[in-house]
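All remarks here apply to the structure that follows.
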Amino acid sequence: MLRSLALDINGTLTCDGRLLPGVRASIKRLKQQLDVCLISCDSRGNARAIAKSLAVPLHVVAYHRRGEAFGKLAVLRRLGPSATAAIGNGESDRLMFEEAALSIAVLGKEGAAGTALMNAAVVVRDIADAFDLLLHPARLIATLRC
């Protein structure tokens with residue numbers, strides 16, 4: 001049973017630094033079911049403003065190639081990986097994806113890192129599709145069935 005949702009920001013919830021349409025409403029709905037938080041390297045310097053606008057906690061991780069992935073993994077471990085879903089699109093999400101109970105890579109307008117795609121349990125076209133999987137979990141049955 002999922003308890004938490006860890007969300008990357010840049011390229012996942014935003015395009016060119018701006019929230020994608022529908023993100024605010026979907027997060028509002030998801031907050032009724034899960035503890036939602038943002039995890040970001042804050043490479044655009046807008047993470048705090050986005051977290052505040054969504055009324056969710058923010059975890060900023062170190063901004064250097066090796067530290068970003070390990071920083072996100074450390075946050076996931078604090079949340080409890082066995083009960084946390086992780087959504088992202090970048091190289092810095094790859095380790096988090098390996099340990100999360102459910103990992104979803106978003107292949108949006110800003111693309112996705114190959115390592116994120118390789119380590120995710122599910123790959124979707126955009127964040128709306130990722131949110132829909134969480135809001136309608138029966139959709140995951142065919143994708144994840146062994």
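Points worth noting:
- Under the condition of being within 25 Å of E68 (Cα to Cα) and either in a strand (DSSP E or B) or of a type in the set (S, T, N, Q) (or both), the residues counted in region 8-38 number 10.
- A count restricted to region 91-124 and to residues that are small (G, A, S) and surrounded by fewer than 18 Cβ atoms within 10 Å (Cβ to Cβ) stands at 5.
- Residue check for D35: touching a helix residue (DSSP H, G or I) at 6+ places or on another chain (Cβ under 9 Å), at pLDDT 95 or above and not hydroxyl-bearing (S, T, Y): yes
- Condition met for R125 (farther than 13 Å from D8 by Cα, among the basic types (K, R) and at pLDDT 95 or above): yes
- Scanning region 48-71 for residues that are outside any strand (DSSP E or B), at pLDDT 95 or above and either touching a His at 6+ places or on another chain (Cβ under 7 Å) or surrounded by 17 or more Cβ atoms within 10 Å (Cβ to Cβ) (or both) yields I50, A51, L54, V56.
- Within the set A128, A86, A116, the sole residue that is more than 17 Å from L2 (Cα to Cα) and either touching a residue at least 60 places away in the same chain (Cβ under 8 Å) or in contact with a Cys (Cβ under 6 Å, 6 or more places away or on another chain) (or both) turns out to be A128.
- The residue that is nearest to A51 (Cα to Cα), counting only those in region 2-20 that are surrounded by 16 or more Cβ atoms within 10 Å (Cβ to Cβ) and small (G, A, S), is A6.
- Within this structure, A49 fails the test of being of a type in the set (A, V, I, L, M), touching a helix residue (DSSP H, G or I) at 6+ places or on another chain (Cβ under 7 Å) and without any contact (Cβ under 8 Å) to a residue 24 or more places away in the chain.
- Exactly one residue out of S82, S40, S26 is under 14 Å from D8 (Cα atoms) and of a type in the set (S, T, N, Q): that is S40.
- Only one of the listed residues (T84, T14) is among the polar types (S, T, N, Q) and under 18 Å from L135 (Cα atoms). That residue is T84.
- Of the residues making up region 49-71, those that are farther than 22 Å from A128 by Cα and in contact with a strand residue (DSSP E or B) (Cβ under 7 Å, 6 or more places away or on another chain) number 3.
- Lone qualifier among G88, G45 - being at pLDDT below 95 and within 24 Å of G17 (Cβ to Cβ): G45
- Residue satisfying all of: in region 21-47; within 18 Å of N89 (Cβ to Cβ) and among the polar types (S, T, N, Q); surrounded by the most Cβ atoms within 10 Å (Cβ to Cβ) among these: S40
The values are calculated or read from the model by the stated rules, or taken from the named source; none is laboratory data. If you're wondering where the values come from, they're calculated on a predicted model, not measured in any experiment. Because the Cβ atoms are built from the backbone with ideal geometry, glycine has one as well, and the counts that use them run over all protein chains shown.
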